[in-house]
Amino acid sequence: MHDLAIIGGGPAGYVAAERAAAKGLKVLLFEQKDLGGVCLNEGCIPTKTLLYSAKLYDNAKGGEKYGISAQEVTFDFGKMMSRKAKVVRKLVGGIAAKMKGHKVETINARAVIQRRSASGVEMEADGQVYAAKDVLICTGSEAVVPPIPGLREAGEVVVTNREILALKDLPESLVVIGGGVIGTEFASFFSSLGTRVTVIEMLPEILTGMDPEMSAMLRKVLEKKGVDFHLKARVTAVNGGEVQFEQDGKTQSVSGSKVLVSVGRRPNVSGIGLENIGVELFKGGIKVDARMRTNIPNVYAAGDVTGFSLLAHTASREGEVVVNNLTGRKDRMRYHAIPAVVYTNPEFSGVGLTEEAAKAKGIDYKLASLPMAYAGRFVAENEGGSGLCKVLVGATHNEVLGVHMLGNPSSEMIYGAAMAIEQEMTLKELEEVVFPHPTVSEIFKENLFAF
């Protein structure tokens, strides 16, 4: 009998396993594929590895702006993909070592919940029955393939985030269906390498949910790199590499060597025995409360399988909330300060409320907005680059409500804004914080004095 059984070894599962074992629990972890889940094997890590290669290539080509001349700069797509695989292997191995070091029993098999008993929950994997006092479900999500006529019949021309990361050759052209984070990041990567990229997005702007002004700014940067965007466009059919869509009442089409489908993800809730014990679902995911408890005692869920915030760092925090509550520390999940990052070149990051979200909630706010060029370090390292930083604070108490940044390296700075929002810091409190100089992060403090 184990104290905690975890189904799924992604960011929610392996973090929870490590934290629980470190606190003395006897932990059992089921993962039918590779440890690390989609994030490490088919998402966050491999895409960021490739995007960094593309950024280096962009920088090398633009070196003359900094007094550096490199002749005939080239890239090797095969080596990029090989390095991506090496990085993934190294990190997967690192997680495995952590599990072994913390004495987490890892079963490389699919687990199916069978029943609840007086002592806990029973699961079956590879014909063997396991039992645990508590169970944490972290089975993640999968790419949505919409019912577009001809899409499934297009064969290997159509790819999701999984297949595109396994390409052997650089596609001459790429059609991206969906202008969310995944689609935009791949558009940035492939356009940097010379692939002709077209993005078809059904909504009025890419990156819905993030600051729309900065979304438009990023789109214009990518357009300068050659990416062709079709907004307010609905895909109606796919015929091999040809994608038909309606825009402004007219039917158009565009062709690509590959067609990337990136219209969202859905929770993996099938085939794991939820129906055997009556776990309740909500909007396609497992319904949980702020402590990540399901409607069934001793059964928890965390990560993409809840269908709420499909981000790796959210998943890890949710797993920690479960473990904390199981080990005597009262904890609850809060979602008002979850950072979001788009790892394009330039990077786009945000946390907390956007102006649109504040208006929708009826929250009175004040706004300060400054170009990233107000930070000397940004000017020094981004010749000819543009960017923007916005800070929203409450109109009455001056507490930080939201921070949004377009410009490198915003992904490494946004955590400071997340801390400020989480701790409900005010302008006065932040003004007393000393920022190192010269750093791009100073743009955050510069904004505070713009109110």
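Apart from one condition, Tyr52 fits all of (1) crowded, with 16+ Cβ neighbours inside 10 Å; (2) in contact (Cβ under 8 Å) with a residue 24 or more places away in the chain; the exception is (2).
For segment 1-26, a tally of residues being within 18 Å of Lys100 (Cβ to Cβ) and part of a helix (DSSP H, G or I) returns 10. Say we look at segment 116-152 and pick out the residues that are β-branched (Val, Ile, Thr) and touching a residue at least 40 places away in the same chain (Cβ under 8 Å); which of these is farthest from Glu242 (Cα to Cα)? Restricting to residues being β-branched (Val, Ile, Thr) and touching a residue at least 40 places away in the same chain (Cβ under 8 Å), the top hit is Val121. Of everything in segment 246-266 that is hydroxyl-bearing (Ser, Thr, Tyr) and under 20 Å from Ser173 (Cα atoms), the residue that is nearest to the chain's Cα centre (by Cα) is Ser262. With respect to the conditions (1) surrounded by 21 or more Cβ atoms within 10 Å (Cβ to Cβ); (2) in a loop (DSSP other than H, G, I, E, B), Gly183 lacks only one, and its number is (2).
Of the residues making up segment 407-443, those that are under 24 Å from Ile363 (Cα atoms) and either of a type outside the set (Phe, Trp, Tyr) or at pLDDT below 95 (or both) number 17. Of all residues in segment 18-30, at least one satisfies being among the basic types (Lys, Arg), more than 21 Å from Asp169 (Cα to Cα) and in contact with a Ser or Thr (Cβ under 9 Å, 6 or more places away or on another chain).
Among the conditions (1) modelled with pLDDT of 95 or more; (2) of a type in the set (D, E, K, R); (3) within 30 Å of Ser192 (Cα to Cα), Glu72 misses just one, which is (1). Please work out if Ile182 is touching a Lys or Arg at 6+ places or on another chain (Cβ under 7 Å) and closer than 24 Å to Thr236 by Cβ. When the stated conditions are applied, Ile182 does not pass them.
Here the condition is being at pLDDT 95 or above and in a helix (DSSP H, G or I); of Val263, Val323, Val269, it holds for Val323 alone.
Filtered by the rule that a residue be among the hydroxyl-bearing types (Ser, Thr, Tyr), in contact (Cβ under 8 Å) with a residue 40 or more places away in the chain and surrounded by fewer than 17 Cβ atoms within 10 Å (Cβ to Cβ), segment 55-74 gives a lone residue, Tyr66. Take segment 151-164 and flag every residue that is under 22 Å from Lys33 (Cβ atoms) and part of a loop (DSSP other than H, G, I, E, B). The answer is Thr160, and nothing else. Per this entry, Asn295 is counted among residues that are out of contact with any strand residue (DSSP E or B) (no Cβ under 7 Å at 6 or more places or on another chain) and not assigned by TED's automatic domain parsing to the domain that holds Ile182.
For segment 1-27, a tally of residues being surrounded by 24 or more Cβ atoms within 10 Å (Cβ to Cβ) and over 22 Å from Ala85 (Cβ atoms) returns 12. For segment 199-210, the criterion of a residue being crowded, with 21+ Cβ neighbours inside 10 Å, within 26 Å of Gly402 (Cα to Cα) and of a type in the set (S, T, N, Q) is satisfied by no position.
The lone criterion from (1) part of a loop (DSSP other than H, G, I, E, B); (2) of a type in the set (A, V, I, L, M, F, W, C); (3) in the same structural domain as Phe75 (by TED's automatic domain parsing) left unmet by Leu167 is number (3).
The values are calculated or read from the model by the stated rules, or taken from the named source; none is laboratory data. Since the model is a prediction, treat every value here as computed from it, not as a measurement. Positions of Cβ are backbone-derived with ideal geometry, glycine not excepted, and every protein chain shown enters the neighbour counts.
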